[in-house]
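The values are calculated or read from the model by the stated rules, or taken from the named source; none is laboratory data. Quantities reported herein were computed from a predicted structural model and do not represent experimental measurements. Virtual Cβ from ideal backbone geometry, glycine too; neighbours counted across all protein chains shown.
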Amino acid sequence: MLNLNGAKRIVVVGGGTAGWFAALTLRSMFGPQAEVVVLESPRIGIVGVGEGGLLNLVDSLKQLNIPVDEFARETGAAYKLGFLYEGWRDGSEGDAYYHMFVDSGIEEIEWKQYGFYPLVSTLTHFGIELSQALPGFQVIAKQGSQEDARRMLADPACGIRPSWHFDSQRIAAYLKRVALSRGIVHKLTEVSSVQFDETRRATAVQTTDESIAVDFLVDASGLSRLVVGKALQGEWQSFSDYLLLDRAIPFHMPHPKANPYLVTRAIAMSAGWVWQIPLLERVGAGYVFSSRHIDEDAAVAEIERRIGMPIEPSRTLHFEPGHFKEVWQRNVMTIGLASGFVEPLEATSIGQMLEQLRNFRRVVLESGGVVSEEVIGRFNESNARYWLGIRDFLRMHYDCPRRDTPFWRDVAQTPLPDSWRALKACMQQRLPRPIDTEGYYSHPWTSMFHSLSWVMVAAPLGLISREAAFNDMQRLPADTRQRIADYMFRKWPHVVSRLRR
Ligand SMILES: Cc1cc2nc3c(=O)[nH]c(=O)nc-3n(C[C@H](O)[C@H](O)[C@H](O)COP(=O)(O)OP(=O)(O)OC[C@H]3O[C@@H](n4cnc5c(N)ncnc54)[C@H](O)[C@@H]3O)c2cc1C
């Protein structure tokens, strides 16, 4: 059992995005009797990438009483309305599809019957991508300005919700300012070791300057993985059998067009893909690749050919996709990069970190501060399931038809996790729906990826057949099918008339 009610000091190791979000969450959970201390190494610094949020970024800011407008201003943020996948099917000019941040409140989404979305199935049957059916999509397709996006988003009928692209250095600095204003203590010092008692509870951290007693310890030490990784030798769940990418070369570049894109671009390359995250003043970019298929020099040369200018990469990041199975052990919890990482496809890292914090907050508060080992075990199970959802969602993106290089041919031979294989088989019969994805995100976690996100990736990749979509429609009663016909004549008359000819 872990009793946090008498906690006097909570220490967070790490002053990156994860460390500051954790400290702010802990500050909001504990009264003034508990000191929240962030220890940050002046030597190591932060990872300095990770510039794209998901929808739960906005939810978390609101939960922490951080004004979203101020956050956007202070972090150089630009709207992020989804993702654009370029070259993932045949690599030809114009090969592109969108995964948008869909909002309910429009007919296509709002209408749910028998556990699925009849109009989404209909659109899929007619070969219309859901993103294009969203009223706000035209602003994205025309690459509108930030102001165009702001106006479009003000209309509740736009069908899109925003998140943000932001500067990774400025987000840590901004969160730190907010944290200091809320009484969180910050020390620039390096942790060299952690002391544990005979039950493996953390009792103190040793820094270069002092020993600091702890009642609860959060390991947000990034890729140093200081506590659950190095000190406790936590068990790692690797995803490398299913996801081949293990290196990233980040760099900055100017905007290729006048307006920053309103989406994160994921551009397929010979041995992986390049992310392009458009901030207001620059683009944060990087080539994520498989070290078995290309070396660093060749990767840099390929980027330079692709974007038509030399780049100045800061370093190459090495990673093994996966996570620690037990992120919470007694009075220690690891979070952010210290707890796990997979390639930044779909920008899952900060989103996962925020969901973990949200669940931690719920578990501690609803346990009245006295948390049983059983509940901690369930927390870890939910967290692991969450990671499985991320793994399967990413693996789906690689079930794409591209085969032109050894990497893409090897991707086609890479095994499918059983859970993704099972869902993929269902997609031959019907569209994916909430019942399929809720297992990844146990109640009351809100899912980072709604089942409609799965549709928006699976349909353009050809993983959902027209027959499967037709099967959904056939299951509906006659009056519902009439409603569908009325909808198609009203909204998509040119598609209906084209099919009739
Ligand atoms: C290539 C790449 C691309 C990414 N893209 C995205 C994306 O698009 N979207 C997204 O959500 N996420 C992305 N991420 C992940 C994102 O960068 C991280 O989730 C986020 O920045 C949080 O990092 P962190 O705080 O866990 O680690 P860091 O930023 O690395 O912070 C670690 C902190 O720990 C401190 N520290 C380390 N050791 C010690 C010690 N011994 N003593 C004291 N302090 C110590 C460091 O000084 C630092 O302050 C990406 C990551 C990578 C690698």
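See the values below:
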{"quantity": "Complete set of residues in segment 199-218 that are modelled with pLDDT of 95 or more, among the β-branched types (Val, Ile, Thr) and within 11 Å of the ligand (Cβ to nearest atom)", "calculated": "VAL205, THR207, VAL218"}
{"quantity": "Given (1) touching a residue at least 40 places away in the same chain (Cβ under 8 Å); (2) assigned to a helix (DSSP H, G or I); (3) surrounded by fewer than 18 Cβ atoms within 10 Å (Cβ to Cβ), index of the condition ALA23 fails", "calculated": "(3)"}
{"quantity": "Where a residue in segment 366-385 is over 25 Å from ALA34 (Cα atoms) and its partner, wherever it lies, is part of a helix (DSSP H, G or I), with Cβ under 8 Å and at least six apart", "calculated": "SER382/ASN359; ASN383/GLN356; ASN383/ASN359"}
{"quantity": "Those helices (runs of 4 or more DSSP H) lying entirely in segment 402-461 with at least 1 residues modelled with pLDDT of 95 or more and closer than 29 Å to ILE109 by Cβ", "calculated": "418-426, 451-458"}
{"quantity": "Residue in segment 340-355 that is charged (D, E, K, R) and more than 9 Å from the ligand (Cβ to nearest atom) present", "calculated": "yes"}
{"quantity": "Residue check for ALA299: among the small types (Gly, Ala, Ser), in contact with a Leu (Cβ under 8 Å, 6 or more places away or on another chain) and crowded, with 22+ Cβ neighbours inside 10 Å", "calculated": "no"}
{"quantity": "Flag for PHE166 being aromatic (Phe, Trp, Tyr), crowded, with 22+ Cβ neighbours inside 10 Å and touching a Ser or Thr at 6+ places or on another chain (Cβ under 8 Å)", "calculated": "yes"}
{"quantity": "Of all residues making up segment 338-393, the number that are in contact with a Leu (Cβ under 8 Å, 6 or more places away or on another chain), surrounded by 24 or more Cβ atoms within 10 Å (Cβ to Cβ) and within 23 Å of SER28 (Cβ to Cβ)", "calculated": "4"}
{"quantity": "Sole exception among (1) within 15 Å of the ligand (Cβ to nearest atom); (2) surrounded by fewer than 20 Cβ atoms within 10 Å (Cβ to Cβ); (3) not aliphatic (A, V, I, L, M) for TYR261, by number", "calculated": "(2)"}
{"quantity": "Only listed residue being within 15 Å of the ligand (Cβ to nearest atom), touching a residue at least 12 places away in the same chain (Cβ under 8 Å) and either under 30 Å from GLN195 (Cβ atoms) or of a type in the set (Gly, Ala, Ser) (or both), chosen from GLY284, GLY234", "calculated": "GLY284"}
{"quantity": "Criterion violated by ALA72 - all others in (1) closer than 30 Å to MET269 by Cα; (2) not in a strand (DSSP E or B) satisfied", "calculated": "(1)"}
{"quantity": "Condition check for VAL36: in a strand (DSSP E or B), buried (at least 24 other Cβ atoms within 10 Å of the Cβ) and within 15 Å of the ligand (Cβ to nearest atom)", "calculated": "no"}
{"quantity": "Identity of the residue in segment 344-370, in a loop (DSSP other than H, G, I, E, B) and out of contact with any helix residue (DSSP H, G or I) (no Cβ under 7 Å at 6 or more places or on another chain), that ends up farthest from THR17 (Cα to Cα)", "calculated": "GLY368"}
{"quantity": "Within segment 85-186, helices (runs of 4 or more DSSP H) holding 1 or more residues that are more than 22 Å from the chain's Cα centre (by Cα) and closer than 30 Å to GLY336 by Cβ", "calculated": "146-153, 168-181"}
{"quantity": "Yes/no for SER181 being among the small types (Gly, Ala, Ser), away from the ligand (no atom under 13 Å from the Cβ) and without any contact (Cβ under 8 Å) to a residue 40 or more places away in the chain", "calculated": "yes"}
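The rows are residues; the columns are (1) within 11 Å of the ligand (Cβ to nearest atom); (2) acidic (Asp, Glu); (3) touching a residue at least 40 places away in the same chain (Cβ under 8 Å).
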residue: ALA220; (1), (2), (3): yes, no, yes
residue: SER238; (1), (2), (3): no, no, yes
residue: ALA248; (1), (2), (3): yes, no, yes
residue: PRO254; (1), (2), (3): no, no, no
residue: ILE277; (1), (2), (3): yes, no, yes
